[in-house]
1. Here are 68, 58: which of them is in contact (Cβ under 8 Å) with a residue 40 or more places away in the chain, in a helix (DSSP H, G or I) and either on the phi < 0 side of the Ramachandran plot or within 19 Å of the chain's Cα centre (by Cα) (or both)?
2. For the structure I just gave you, tell me whether residue 10 is under 27 Å from residue 224 (Cα atoms) and in a helix (DSSP H, G or I).
3. Under the condition of being touching a helix residue (DSSP H, G or I) at 6+ places or on another chain (Cβ under 8 Å), closer than 24 Å to residue 129 by Cα and part of a loop (DSSP other than H, G, I, E, B), which residue from the range 39-55 is modelled with the highest pLDDT?
4. Residue by residue through the range 151-176, note down the ones that are closer than 29 Å to residue 57 by Cα, assigned to a loop (DSSP other than H, G, I, E, B) and without any contact (Cβ under 8 Å) to a residue 24 or more places away in the chain.
5. It is to be established whether one or more residues within the range 10-23 are farther than 24 Å from residue 129 by Cβ and touching a helix residue (DSSP H, G or I) at 6+ places or on another chain (Cβ under 8 Å).
6. Could you look through the range 131-150, keep only residues that are closer than 21 Å to residue 96 by Cα and in contact (Cβ under 8 Å) with a residue 40 or more places away in the chain, and pick out the one that is surrounded by the fewest Cβ atoms within 10 Å (Cβ to Cβ)?
7. Answer yes or no: is there a residue in the range 115-130 that is under 24 Å from residue 214 (Cβ atoms) and out of contact with any strand residue (DSSP E or B) (no Cβ under 8 Å at 6 or more places or on another chain).
8. Using the structure shown, decide if residue 205 is in a helix (DSSP H, G or I) and under 17 Å from the mean Cα position of the chain (by Cα).
């Protein structure tokens, strides 16, 4: 007789229910369903239908305890999009959409950690994993690598003890570009709303001479897939994006 199949930790109804309730508590009235699906690359949020999907096996070799924590990182991140992100309007260029989405990722995580300080540890765990999978950018004259540095800086800036993976030759065109782009990246992290983030992303692309609507290189698509997808859908009058919480604000 064949041995009975063993359920993965996330297939147990009690665990799925716990994560669903926990996620909904992070974004009250803004999430109708939470789905765990190992077939999706990472996670996503659809604000029109108020649905959140996350991959519970984001780091496949990890032990269940680590997968549980990484899944909470993904779910908390998407809950942040549910609260604070205005999805891109129709007609937004593909590259602009992706770049503004990755800049928005840091902005909403900071907002969520301000409301729920314990989330900082989960975001730190997810950031460490993404950084460990990231390439080193070191070309002397390639604006695409400067764009990558802007995305990588999100994790490098938070952990000074890590050996840097942004290593442009001093005095090179890329080093000069990065000196101009880095302040714009950091400004996006504290921007008041998604529209301001999108404007800063547009300025970054203009500075680098990259078009707003272009097919991304394969290596960049693979890297961006690691970080999740920009929020999609459209806000309604009954479901507007929230303003950023002020320091010391209580979670609501």
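1. Working: 58 fails: in a helix (DSSP H, G or I).
Matching residue, one of 68, 58: 68.
2. Values: under 27 Å from residue 224 (Cα atoms): yes; in a helix (DSSP H, G or I): yes.
For residue 10, the condition - under 27 Å from residue 224 (Cα atoms) and in a helix (DSSP H, G or I) - is met.
3. Ranking the candidates gives 55 first.
4. Quick first cut of the range 151-176, residues closer than 29 Å to residue 57 by Cα only: 151-166.
Cutting the leftovers down to assigned to a loop (DSSP other than H, G, I, E, B) gives us 157-165.
Answer for the range 151-176, where residues must be closer than 29 Å to residue 57 by Cα, assigned to a loop (DSSP other than H, G, I, E, B) and without any contact (Cβ under 8 Å) to a residue 24 or more places away in the chain: 160, 161, 163, 164.
5. Start the filter on the range 10-23 by keeping residues that are farther than 24 Å from residue 129 by Cβ, which leaves 13-14, 17, 21.
Subsequent filtering for residues that are touching a helix residue (DSSP H, G or I) at 6+ places or on another chain (Cβ under 8 Å) retains none.
No, every residue in the range 10-23 fails to be farther than 24 Å from residue 129 by Cβ and touching a helix residue (DSSP H, G or I) at 6+ places or on another chain (Cβ under 8 Å).
6. The extreme case among them is 144.
7. Filtering the range 115-130 down to residues under 24 Å from residue 214 (Cβ atoms) leaves 130.
Now drop any that are not out of contact with any strand residue (DSSP E or B) (no Cβ under 8 Å at 6 or more places or on another chain), which leaves 130.
Taking every residue of the range 115-130 in turn, at least one turns out to be under 24 Å from residue 214 (Cβ atoms) and out of contact with any strand residue (DSSP E or B) (no Cβ under 8 Å at 6 or more places or on another chain).
8. Details: in a helix (DSSP H, G or I): yes; under 17 Å from the mean Cα position of the chain (by Cα): no.
When the stated conditions are applied, residue 205 does not pass them.
The values are calculated or read from the model by the stated rules, or taken from the named source; none is laboratory data. Source: prediction; values computed, not measured. Because the Cβ atoms are built from the backbone with ideal geometry, glycine has one as well, and the counts that use them run over all protein chains shown.
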